[in-house]
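First the structure, in the form of structure tokens, and then the observations on it.
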Amino acid sequence: MIRVLTAALLTALAIVPAQADDYPSRPVKIIVPTPPGGPVDVIARITANYLQNALGKGFVVENRAGAGNTIGSKDAAEAAPDGYTLLYSSASGLVIAPLLHPDAGYDPLASFDPVALVGESSNILVVNPALPANSVQELVAYAKANPGKVNFSSGGIGVLPHLIGEMFKARAGIDIVHVPYKGGSPSINDVVAGNVQMTFEGTSVLLPLIQAGRLRALAVTTPKRIPQLPDVPTMVESGFPNFVSTSWTGLLAPAHTPQPIIEKLNAAINAGLKTPDLKTALERLSNAPLGGTPADFTVVIKADLAKWSPIVKTLGLDKP
């Protein structure tokens, strides 16, 4: 019996390296829990194309949108942990969505093995140019002098710009009113029109409006200033220590995927992020290349959970 068990154990141990050596031996599916054409989907397709060229097998993106990113995420969490079904997600889909929907069916840490962060972009605090505020300090002073009269917009209750706005409201000690819209575009359009005074949104959608003078940028939410707006300070520089919130995206696998497969995918992504083609493709989308180890990715997920969970609970957004 002991010899049989020993032989079985040795056979099982031999399978894992073999899986990594010939991985992938067939096409790999990457689930994206958002509709086609959005920022997460576009970067997922860029990453999939690179992995296909680097590893020699097809990496096919499959969009499974709905229920605030939770449908596709749950499907990926329940897939076989063999490296042939992966998840490409974001802070909104991986961290915030299950905070808002406790019955989502997946846990950001327990349900997935992080592979690698790919890119991140800043969120920008912008105001309508008619608002008499040319800095964050002036905005706070104006809001304190006009309690309840400054509105901030977002693409919906519980989306990242909403939560950033609520964090700003709490940290600044100001009375500003959230106005939710059905999507980011109408939210931004109403700031441009002056119907709402301010918002926090992503660089790629705001940059053309800032450059055209239709919106005024007061601060970015990255730890450092961004190259597209070198004269715009960070929130930290504007007097808000640790006020950092980036829109990151990355690749994950179902929990218990063999570690050699995780390592192979991680090495491929890190190598790709050093190539001019992948770096340029991300920069066109106002994304900075990230990379790093799976452990680095875990640290980011834990930090976002610690940041957003108290805000979601305080606002009661986790209630059915």
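Looking at segment 185-201, which of the residues that are buried (at least 22 other Cβ atoms within 10 Å of the Cβ) and not charged (D, E, K, R) is nearest to E120 (Cα to Cα)? First the steps, then the outcome.
The first filter runs over segment 185-201 and keeps only residues buried (at least 22 other Cβ atoms within 10 Å of the Cβ), leaving 187-188, 191, 196-201.
Checking which are not charged (D, E, K, R) leaves us with 187-188, 191, 196-200.
Numbers: S187: 22, I188: 20, V191: 24, V196: 27, Q197: 26, M198: 22, T199: 19, F200: 15 Å.
For segment 185-201, the residue satisfying everything is F200.
Selection of first residues in segment 191-214 that are in the same structural domain as N134 (by TED's automatic domain parsing) and of second residues that are in a helix (DSSP H, G or I) and of a type in the set (D, E, K, R), restricted to Cβ pairs under 7 Å at least 6 apart or on distinct chains, gives the following pairs, ordered by first then second residue: V196/D190. Condition check for I301 on (1) surrounded by fewer than 16 Cβ atoms within 10 Å (Cβ to Cβ); (2) touching a helix residue (DSSP H, G or I) at 6+ places or on another chain (Cβ under 9 Å): one failure, at (1). When A130, A145 are screened for being among the small types (G, A, S), surrounded by fewer than 22 Cβ atoms within 10 Å (Cβ to Cβ) and without any contact (Cβ under 8 Å) to a residue 12 or more places away in the chain, only A145 passes. Go through (1) surrounded by 20 or more Cβ atoms within 10 Å (Cβ to Cβ); (2) at negative phi for A267 and report which single condition fails. Result: A267 fails condition (1) only. Residue pairs whose Cβ atoms lie under 6 Å apart, separated by 6 or more positions or on different chains, with the first residue in segment 255-277 and over 25 Å from Y106 (Cα atoms) and the second assigned to a helix (DSSP H, G or I) and modelled with pLDDT under 95, are G272/L278.
Scanning segment 8-33 for residues that are modelled with pLDDT under 95 and either among the β-branched types (V, I, T) or within 15 Å of I262 (Cα to Cα) (or both) turns up T11, I15, V16, P17, A18, Q19, A20, D21, D22. Taking every residue in segment 287-315 that is touching a residue at least 40 places away in the same chain (Cβ under 8 Å) and pairing it with any residue that is in a loop (DSSP other than H, G, I, E, B) and of a type outside the set (A, V, I, L, M), at least 6 positions away or on another chain, the pairs with Cβ-Cβ distances below 7 Å are I301/P108; L305/P108; V312/D318. Output yes when any residue across segment 79-100 is in the same structural domain as R171 (by TED's automatic domain parsing) and out of contact with any strand residue (DSSP E or B) (no Cβ under 8 Å at 6 or more places or on another chain), and no when none is. No - not one qualifying residue is present in segment 79-100.
Given the residues T246, T314, which is the only one that is within 25 Å of Q197 (Cβ to Cβ) and touching a Ser or Thr at 6+ places or on another chain (Cβ under 7 Å)? Show your work before the answer.
On the way: T314 fails: touching a Ser or Thr at 6+ places or on another chain (Cβ under 7 Å).
The match here is T246.
Is there a residue being among the small types (G, A, S), surrounded by 21 or more Cβ atoms within 10 Å (Cβ to Cβ) and in contact with a Phe, Trp or Tyr (Cβ under 8 Å, 6 or more places away or on another chain) anywhere in segment 108-120? Checked against the condition, which is being among the small types (G, A, S), surrounded by 21 or more Cβ atoms within 10 Å (Cβ to Cβ) and in contact with a Phe, Trp or Tyr (Cβ under 8 Å, 6 or more places away or on another chain), segment 108-120 yields at least one hit.
When you scan segment 20-123 for helices (runs of 4 or more DSSP H) that lie fully inside it, which ones turn up with 2 or more residues that are among the charged types (D, E, K, R) and more than 20 Å from P294 (Cβ to Cβ)? Step through it out loud before you land on a result.
On the way: elements: 39-55, 70-77, 97-100.
Here the list reads 39-55, 70-77.
A quick yes/no check of all residues on (1) modelled with pLDDT of 95 or more; (2) within 23 Å of I124 (Cβ to Cβ); (3) aromatic (F, W, Y):
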site	(1), (2), (3)
I210	yes, yes, no
L229	yes, yes, no
S247	no, yes, no
G250	yes, yes, no
A267	yes, no, no
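If you go through segment 220-243 and keep only what is in contact with a Ser or Thr (Cβ under 8 Å, 6 or more places away or on another chain) and at positive phi, you end up with nothing.
Counting only residues that are hydrophobic (A, V, I, L, M, F, W, C) and touching a Phe, Trp or Tyr at 6+ places or on another chain (Cβ under 8 Å), which one in segment 88-107 is surrounded by the most Cβ atoms within 10 Å (Cβ to Cβ)?
Initially, segment 88-107 is screened for residues hydrophobic (A, V, I, L, M, F, W, C), giving 91, 94-97, 99-100, 104.
Among the residues that remain, those that are also touching a Phe, Trp or Tyr at 6+ places or on another chain (Cβ under 8 Å) are: 91, 94-96, 99.
Working: A91: 23, L94: 29, V95: 23, I96: 27, L99: 21.
This residue is L94.
To keep it simple, each residue is scored yes or no on (1) of a type outside the set (K, R); (2) within 22 Å of the chain's Cα centre (by Cα); (3) over 27 Å from L305 (Cβ atoms).
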{"site": "P132", "(1), (2), (3)": "yes, no, yes"}
{"site": "Q137", "(1), (2), (3)": "yes, no, yes"}
{"site": "A145", "(1), (2), (3)": "yes, no, yes"}
{"site": "F152", "(1), (2), (3)": "yes, yes, no"}
{"site": "H162", "(1), (2), (3)": "yes, yes, no"}
{"site": "A172", "(1), (2), (3)": "yes, no, no"}
{"site": "H178", "(1), (2), (3)": "yes, yes, no"}
{"site": "Y181", "(1), (2), (3)": "yes, yes, no"}
{"site": "S185", "(1), (2), (3)": "yes, yes, yes"}
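Identify, please: which residue in segment 215-254 is surrounded by fewer than 16 Cβ atoms within 10 Å (Cβ to Cβ) and without any contact (Cβ under 8 Å) to a residue 24 or more places away in the chain and is, among those, farthest from A110 (Cα to Cα)? Checking each candidate, the answer is D231.
The values are calculated or read from the model by the stated rules, or taken from the named source; none is laboratory data. Note that the coordinates shown come from a computational prediction; the quantities given were computed from them, not determined experimentally. No Cβ is skipped: glycine too gets one built from the backbone with ideal geometry, and neighbour counts run over all protein chains shown.
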